[in-house]
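Here's the structure, in structure tokens; my notes come after.
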Ligand code: G3P
């Protein structure tokens, strides 16, 4: 799930389909989280709800700052993935943190080259932002397909994590393009479960059953 909203995470987790949570400063801020301490408290709560990696983003723009934040975040919860941006400073930080055994979710990826550099630096997962590419008139899903294909060609183990998902078609197409993981807003997750024929079918089964005098 792609949210820092605790209630959404509780509700989503009950469906039994959540394998992790991604957060970022915008999502945290939207929940009124305004300090490192409150971010840490929210992330710990999320980690208690979801049994899987929880991605927590650094705020620093320089490598030493990202590394210091990443080491700190790594001690917050049992299964952290530190989100580091796809920048020159970010690759430096990824290479340092990954050598220390800290898992990294390389975020804000918009090209195959950034994905290659991140994999080389030691990213556990790379997050191409498909919705934001669509926003500027490009085809975000193509980037997922291209990274998956190049990684496969070179036996690269970094996972492809489809991010900036805006609607259900993104979910289907990301899976078809070979993304290993998708991070999905709660509203989209609910929409994934819905189909009008399922709703009408459930209603018809119930009314047919009741017509026979059953209750
Ligand atoms: O995981 C990254 C994602 O939250 C970004 O989504 O909709 O802000 O582009 P969006």
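Rule-based calculations on the coordinates, nothing more; no lab input. In this text, all values refer to a predicted model and were calculated from it rather than measured experimentally. FYI the Cβ positions are ideal-geometry reconstructions off the backbone, even for glycines, and counts take in every protein chain you see.
Based on Cα contacts under 8 Å between residues 6+ apart, the stretch 115-215 shows a relative contact order of 24 percent.
A helix-only calculation puts the chain at -16000 deg cm²/dmol for mean residue ellipticity at 222 nm, using -39500 (n - 2.57) for each DSSP H run of at least four residues, averaged over all residues. Quick one: Debye curve from the alpha-carbon atoms of the chain only, equal weights, vacuum; give me log10 I(q)/I(0) at q = 0.14, 0.19 Å⁻¹ to two decimals. The calculated log intensity ratios at q = 0.14, 0.19 Å⁻¹ are -0.83, -1.41. Between helix 63-74 and the chain there is an angle of about 50 degrees, using the helix long axis and the longest principal axis of the Cα atoms. Ordering 186, 39 from the fewest to the most neighbouring beta carbons within 10 Å gives 186, 39.
Residues 76, 81, 209, arranged from fewest to most other Cβ atoms within 10 angstrom of their Cβ, appear as 209, 76, 81.
Sequence-distant contacts, meaning Cα pairs under 8 Å at least 6 residues apart, place the relative contact order of the stretch 1-82 at 30 percent. Counting other Cβ atoms within 10 Å as a rough exposure proxy, the listed residues 192, 15 run 15, 192 from fewest neighbours to most. Pairs of Cα atoms nearer than 8 Å and 6+ residues apart set the relative contact order; for the chain it is 14 percent.
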